[in-house]
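Presented below is the structure to which this report refers.
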Amino acid sequence: MKIVNLLIFSSVVLLFACNTSNDTTINSDLINNPITASGNNADTSLLPKFKWTEQSHDFGVVIQGEKVAYTYTFTNIGKSNLIISSVHASCGCTVPKYDTDPITPGKTGKIEVIFDSSDRNGMQNKTLTVLANTQPNTVELHFSAEVAEPENK
């Protein structure tokens, strides 16, 4: 009898587990890509577009252990909302923060990067890869720093 009850209970749990609905709605701004699979270009004039103030930054000399920050700014010069879906750093020593709300045409957005120079030494060149609903859909931002050991070491 215990086995029958266990089988019935397991069946009910599996039934509910398999019927749960996850909302997997994707914002259409993220998948609007006018480039066809055949490689033919369509009209891209309505897409959002980045205009960066700078795409690279030099922190100069940084003392090992310091955390330094810089903010990259951009304007959406396109004709639809610009949505950043992710920003990935080339290493764990870099933490990016970015606007998650859509940037409307003509408005400014930002991506802040915090670089932790702990356990680093010498010249450092890092990359941030920005994924957005633009064409092309990725942009690279760069920064560099010369990490020097503290004098009292």
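Within segment 46-148, what is the number of lysine pairs with alpha carbons under 22 Å apart, leaving out pairs fewer than eight places apart on the same chain?
18
Using only the alpha carbons, work out the radius of gyration and Dmax of segment 55-106 in angstrom.
Gyration radius and largest Cα-Cα distance of segment 55-106: 14.3, 44 Å.
How large is the translational diffusion coefficient of segment 46-148 in µm² per second when you combine the Kirkwood radius over alpha carbon pairs with Stokes-Einstein at 37 °C and 0.692 mPa s?
Answer, rounded: 233 µm²/s.
Please tell me the relative contact order of segment 46-148 in percent, rounded to the nearest whole number, where contacts are Cα pairs under 8 Å and at least six residues apart.
Relative contact order here is 36 percent.
Could you sort the peptides 130-138, 76-84 by per-residue average Cβ neighbour count (10 Å cutoff), highest mean leading?
Top of the packing list down: 76-84, 130-138.
Quick note: the coordinates plus some simple rules give every number you see, no bench work behind them. The structure presented is a predicted model; accordingly, all values stated were derived computationally and were not measured. Don't worry about glycine lacking a Cβ; one is built from the backbone with ideal geometry, like all the others, and counts go over all protein chains shown.
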